[in-house]
Amino acid sequence: MRVGYVAIVGRPNVGKSTLLNHLIGQKVSITSRKPQTTRHRILGIKTTEDAQFVFVDTPGIHRAEQRPMNRRMNETALQSLAEVDAVLWVVEALRWTSDDERVLLSLAALSCPVILVLNKIDQVTRKGELLPFIDQVQDKLKFHCILPVSALRAQQLDVLEKEVFALLSEGVPIYPADWVTDKSMRFLAMEVIREKVVRQLGEELPYEAAVEIEFFKEDERLVDIAAIIYIQKDSQKKIVIGSKGARLKSIGSAAREDIEKLVEKKVMLRLWVKVKEGWTENSTFIDTVALLDHLAMLEQTNQPLDQS
Ligand code: GDP
Ligand code: MG
């Protein structure tokens with residue numbers, strides 16, 4: 001067997017989480033048009049006959065930020081790089097920005113192989129411009145290779161997987177073969193609900209909505225979930241609930257459908273909206289959510305996880 005950790009890095013919004021989901025063939029990391037959708041470090045595990053890939057999705061590396069939330073996201077992204085076998089650096093094909101240059105600076109000191117992934121080639125209409133673009137970026141770093149892909153349409157991902165396979169080391173699997181992530185269903189449910197909030201209210205609501213799972217009970221045929229959507233201001237309540245509750249209902253049914261796919265069971269989902277002022281400024285709250293999830297996971301599996 002070949003086994004290893006593979007970090008997926010890049011500036012916000014290039015398609016890192018989309019790439020992770022399509023590499024492992026299941027949604028474990030939420031995505032949206034809005035930058036900074038990914039807040040936690042998420043593992044996506046793919047076990048094949050001869051390999052176990054442990055992909056690490058990271059919050060985008062972004063500019064130095066004063067807010068605890070963004071500082072913490074930067075730290076999470078950089079810590080993930082410490083002990084990996086390979087790095088997938090995702091950029092958008094034909095688009096190189098100053099934020100990409102900033103990522104380059106944090107990658108420059110790395111000794112492990114880096115694959116440059118030029119994502120979103122489905123959006124490239126003038127294919128002739130691809131080669132000159134590759135020419136322009138290929139000396140930015142000593143890349144293992146440069147690969148144009150479309151994460152969304154799953155184009156060229158098999159080629160990418162082969163390249164990654166070659167970089168893994170021999171070893172025994174780290175996770176059970178049927179695991180697709182190190183996160184609990186409870187955590188994934190929380191993330192899926194947050195995704196629907198961001199997607200459906202992206203423009204109207206600042207990205208600072210948090211979701212807490214208050215109740216999660218699974219039996220043989222049903223998963224019963226109650227969750228709270230926290231917003232910052234009372235005035236945002238109307239937006240999230242919508243006229244006659246229509247918005248909340250639509251968030252709920254979209255989330256329920258996705259969670260049903262993940263748990264492969266019927267899901268009953270109840271949502272509440274509560275105001276909690278200034279929570280993004282308070283990273284203790286975020287840490288607590290992560291810690292609670294970690295403990296819930298340990299309880300479920302009775303086995304230690306990697307230190308996150
Ligand atoms: P992240 O911030 O890097 O994790 O980016 P996401 O995975 O959340 O994706 C950001 C946006 O880009 C979403 O709207 C995705 O649907 C979109 N996206 C990701 N990959 C592709 C792709 O290959 N082609 C196109 N057209 N859009 C993509
Ligand atoms: Mg992401």
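Reported count of residues in region 4-58, each being in a strand (DSSP E or B) and open to solvent by less than 20 Å² (accessible area, probe 1.4 Å), is 16. Between Lys140, Lys120, Lys127, Lys162, the distinction of being under 24 Å from Gly25 (Cβ atoms) and either of a type in the set (S, T, N, Q) or more than 20 Å from the chain's Cα centre (by Cα) (or both) belongs to Lys162 only.
Out of all the residues in region 179-198, is one or more surrounded by fewer than 18 Cβ atoms within 10 Å (Cβ to Cβ) and either in contact (Cβ under 8 Å) with a residue 24 or more places away in the chain or more than 24 Å from Val54 (Cβ to Cβ) (or both)?
no
Against the numbered list (1) within 16 Å of ligand 1 (Cβ to nearest atom); (2) surrounded by 12 or more Cβ atoms within 10 Å (Cβ to Cβ); (3) closer than 20 Å to Val3 by Cβ, Asp158 comes up short only at (2). Looking across region 93-149, just one residue is closer than 20 Å to Leu19 by Cα and small (Gly, Ala, Ser), and that is Ala93.
The values are calculated or read from the model by the stated rules, or taken from the named source; none is laboratory data. These numbers come from a predicted model, not from an experiment. Heads up, the Cβs are rebuilt from the backbone with ideal geometry, glycines too, and the neighbour counts pull from every protein chain shown. Surface areas here come from the heavy atoms of the whole protein model, side chains and all, with no ligands, DNA or RNA. Shrake-Rupley method; radii C 1.70, N 1.55, O 1.52, S 1.80 Å.
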